[in-house]
1. Which of the following values of Cα extents along the principal axes in Å was calculated from the structure shown: (i) 49, 29, 17; (ii) 59, 45, 21; (iii) 38, 25, 25?
2. Treating cross-link reach as a plain straight distance, find the aspartates and glutamates whose alpha-carbon is under 20 Å from the alpha-carbon of Lys65, omitting any fewer than eight places away in the same chain.
3. Can you tell me the accessible area per residue over the stretch 27-94, all protein chains present, probe 1.4 angstrom, in square angstrom?
4. At a 1.4 Å probe radius, which order do Glu29, Glu82, Glu43 fall into by accessible area, largest first?
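The values are calculated or read from the model by the stated rules, or taken from the named source; none is laboratory data. None of these values were measured; they are calculated from a predicted model. These accessible areas exclude ligands, DNA and RNA; they are computed on the full protein's heavy atoms, side chains included. Shrake-Rupley method; radii C 1.70, N 1.55, O 1.52, S 1.80 Å.
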Amino acid sequence: MRFVPIKIRDQQAVFALHRSRSMLFVVVEFGLIAAKGRYRMSELLQRMNAMTPDHLPAIGCQAIKTLFSHIDVLEEQIAAVERQIVEWHRNKVDSAGWQLHPA
C-alpha cells in the first residue's frame with residue numbers, strides 16, 4: 001500500500017480542473033473538432049453522430065455523450081439564471097442604469 005500526502009483544498013480543486021480537461025480531450029483523441037465556443041457544441045455532436053464505429057467505438061461514443069449531457073444541463077442552468085436576471089431588471093424601476101453584462 002502506498003501512502004499519498006494529504007492535499008489542501010486548492011490542490012484538490014486544481015486536480016479536478018485537470019481531470020475535467022483531460023475528459024474533454026477524449027473528443028479530440030477521436031478526431032472530433034469544431035470551432036471554439038459553447039454554441040458550437042451541436043456541430044460537434046452532429047459530427048460525432050456521423051462517425052462510424054470504425055472511427056469511434058460505441059464505448060467512446062457513450063463517454064462523449066455523457067459529457068454532452070453535462071454540458072446540456074449547464075446550458076439550461078445558465079439560461080435559467082439569465083432569465084432570473086432579466087426578470088429582476090424588468091421589475092425594478094431603478095435598474096435602467098444597470099448593465100446585464102458588465103464590461
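1. Correct label, based on the coordinates given: (ii).
2. Answer for Lys65, where 20 Å is the Cα cut-off: Glu29, Glu43, Asp54, Glu75, Glu76, listed by chain and number.
3. Numbers: 5280 Å² over 68 residues.
On a per-residue basis, the stretch 27-94 sits at 78 Å².
4. Values: Glu29 145, Glu82 80, Glu43 50 Å².
These residues rank, largest area first, as Glu29, Glu82, Glu43.
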